[in-house]
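These notes are about the structure you will find just below.
The values are calculated or read from the model by the stated rules, or taken from the named source; none is laboratory data. Because the structure is a prediction, the values reported are computed rather than measured. As a convention, Cβ positions derive from the backbone with ideal geometry for all residues, glycine included, and neighbour counts pool all protein chains shown.
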Amino acid sequence: MLEVRELSKSFGGLKAVDQASLDVRQGEIVGLIGPNGAGKTTLFAAIAGFHKPDAGRVTLDGTDITALAPHSICARGMVRTFQITQPFAKISVRENIMVGAYLHTADRALAAHQAEAVAGMVGMAGQLDQMGADLTVAGRKRLELARALATGPRLLLLDEVMAGLNPTEITEIVQVIRDIRDSGITILLIEHVMQAVTSLAERVYVLNQGRMIAEGTPAAIADDPQVVEAYLGHGAAKVLRA
Ligand SMILES: Nc1ncnc2c1ncn2[C@@H]1O[C@H](COP(=O)(O)OP(=O)(O)OP(=O)(O)O)[C@@H](O)[C@H]1O
């Protein structure tokens, strides 16, 4: 479904992403892990049209989408969430989600209806009239997911949706992500919470200093000495093997 080939992106002299390649097949949940500053968010941004890559190619369902504008990529069925969530503070959860729905409809009633459906998927049906400013961290993460879902994606790129959540909230959002996949949406996710990666991802890519250093099942990744050395350490490797 998604093919990224030899993608590079530098900022000045810094090679944030260096000839990285990855594939996501329809129906999968694929993880992207790596140390802080490895280039994961930059790679996401380049895939989704927010950064113009210096080199490389991004293909979605066989169509070259390299460096198309984010809204064009979104209209083709791929959307990303942001690590730092920024809901519109002075409008309701319903209206925040409608912003996503307006990508494919100008009909206010239809957008509201879709927002309500999507809110149900992420467990926010009871918070539709709450103001964006009043949400907790967990609520903002769910809203970020909902806004992305409202655009009607076939492929969802999730950037650290579990950061800042407590263990109970993580368990809940893991289930939400599983439900999203079961509804037919393919998922590529950046995640530092290894427990979540293990329970969600069928395959994992490891990025280190801009380069893709490994790819495989969570268990195989945990047995790769290069990955343990560069990122996981022995504790997290044990979690992935579980
Ligand atoms: N807009 C930018 N301008 C300059 N340097 C940047 C920019 N965005 C990212 N970088 C640098 O590129 C490198 C990769 O950053 P990136 O945010 O992609 O890493 P990451 O793997 O997502 O990290 P984290 O897990 O901490 O979110 C870092 O050294 C970062 O400082």
Report task. Quick one: count up the residues across the stretch 166-195 that are buried (at least 17 other Cβ atoms within 10 Å of the Cβ), more than 16 Å from the ligand (Cβ to nearest atom) and part of a loop (DSSP other than H, G, I, E, B). Result -> 1
Query raised in the report: For the stretch 21-48, how many residues are in contact with a Lys or Arg (Cβ under 7 Å, 6 or more places away or on another chain) and within 11 Å of the ligand (Cβ to nearest atom)?
Result: 5
Query - Selection from the stretch 1-20 of residues that are in a loop (DSSP other than H, G, I, E, B) and either near the ligand (Cβ under 9 Å from one of its atoms) or of a type in the set (Ser, Thr, Tyr) (or both) - result: 12
Query raised in the report: Does residue 138 satisfy the criteria of being assigned to a helix (DSSP H, G or I), at pLDDT below 95, small (Gly, Ala, Ser) and under 21 Å from residue 191 (Cα atoms)?
Result: yes
Query raised in the report: Within the stretch 151-166, is even one residue more than 20 Å from residue 123 (Cα to Cα) and without any contact (Cβ under 8 Å) to a residue 60 or more places away in the chain?
Result: no
Query raised in the report: Could you list, in sequence order, the residues of the stretch 33-55 that are over 26 Å from residue 198 (Cα atoms) and in contact with a helix residue (DSSP H, G or I) (Cβ under 8 Å, 6 or more places away or on another chain)?
Result: 49, 50, 51, 52, 53
Query raised in the report: Would the stretch 220-238 turn up any residue that is part of a loop (DSSP other than H, G, I, E, B) and at pLDDT 90 or above?
Result: no
Requested in this report: Determine whether the stretch 130-142 contains at least one residue that is more than 16 Å from the ligand (Cβ to nearest atom), of a type outside the set (A, V, I, L, M, F, W, C) and in contact with a Lys or Arg (Cβ under 8 Å, 6 or more places away or on another chain).
Outcome: yes
Query raised in the report: With 61, 54 as the choices, which residue is charged (D, E, K, R), within 16 Å of the ligand (Cβ to nearest atom) and at pLDDT 95 or above?
Result: 54
**Report entry** Subset of the stretch 21-36 (residues that are outside any strand (DSSP E or B) and surrounded by fewer than 22 Cβ atoms within 10 Å (Cβ to Cβ))
**Finding:** 25, 26, 27, 28, 35, 36
Report task. Go through (1) among the hydrophobic types (A, V, I, L, M, F, W, C); (2) touching a residue at least 12 places away in the same chain (Cβ under 8 Å); (3) within 16 Å of the ligand (Cβ to nearest atom) and name the single condition residue 112 misses. Result -> (3)
